Amino acid sequence: EDQDEEDADEEEYEEEDDEYEDDDDDLEDDDDDESWKVRRGAVRALKAVVEAKRHDPSVLWTMSYPIRRGKSSVVAAALVNRFKEREENCRVGVIDCFTRLLAATVTSAKSGVVAFDSP
């Protein structure tokens, strides 16, 4: 009977070990994919730029800025390219930022600050 209790205790201990091993793997996966925090921070920075340029956002549609070594992009186009973001909270931030850019552009166009060339 004592042997059965010891075996049961040992099995329970091994099961607990297995549970903690899985938790360790989850922590490693979380550490591996922290890049979404950087992307979220970049979107927040772009929101601040949109807010700062809200009186004349035309440069965000026309001026090209460096994004990587040897590559550049217009802010509006870069936001549209990030609509495919895999992390939902980042994707929501991108859409929110683009929506703010559109709203600022429409407001500026109505006030005559931004003029669009007609095709």
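The values are calculated or read from the model by the stated rules, or taken from the named source; none is laboratory data. Please read all numbers here as calculations on a predicted model, not as lab measurements. We place every Cβ from the backbone using ideal geometry, glycine too, and count neighbours over all the protein chains shown. With ligands, DNA and RNA removed, areas are computed over all heavy atoms of the protein, side chains included. Shrake-Rupley method; radii C 1.70, N 1.55, O 1.52, S 1.80 Å.
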Exercise for the section: List every residue pair whose Cβ atoms lie under 9 Å apart, where the two residues are 6 or more positions apart in sequence or sit on different chains, the first residue falls within segment 34-59 and is in contact (Cβ under 8 Å) with a residue 40 or more places away in the chain and in a helix (DSSP H, G or I), and the second residue, located anywhere, is of a type in the set (Lys, Arg) and open to solvent by 50 Å² or more (accessible area, probe 1.4 Å). Expected result: Trp36/Arg86; Arg39/Arg82; Val43/Arg82; Lys47/Arg100; Val50/Arg100; Glu51/Arg100
Problem - segment 75-86 residues that are open to solvent by 80 Å² or more (accessible area, probe 1.4 Å), paired with ones that are of a type in the set (Gly, Ala, Ser) (beta carbon under 8 Å, 6 or more apart) - result: Asn81/Ser73
Exercise for the section: Return a yes/no flag: does segment 66-73 have any residue that is surrounded by 11 or more Cβ atoms within 10 Å (Cβ to Cβ), polar (S, T, N, Q) and in contact (Cβ under 8 Å) with a residue 12 or more places away in the chain. Expected result: no
Completion exercise
Checked Asp96, Asp30 against criteria (modelled with pLDDT under 90 and either assigned to a helix (DSSP H, G or I) or open to solvent by 50 Å² or more (accessible area, probe 1.4 Å) (or both)); the one match is Asp30
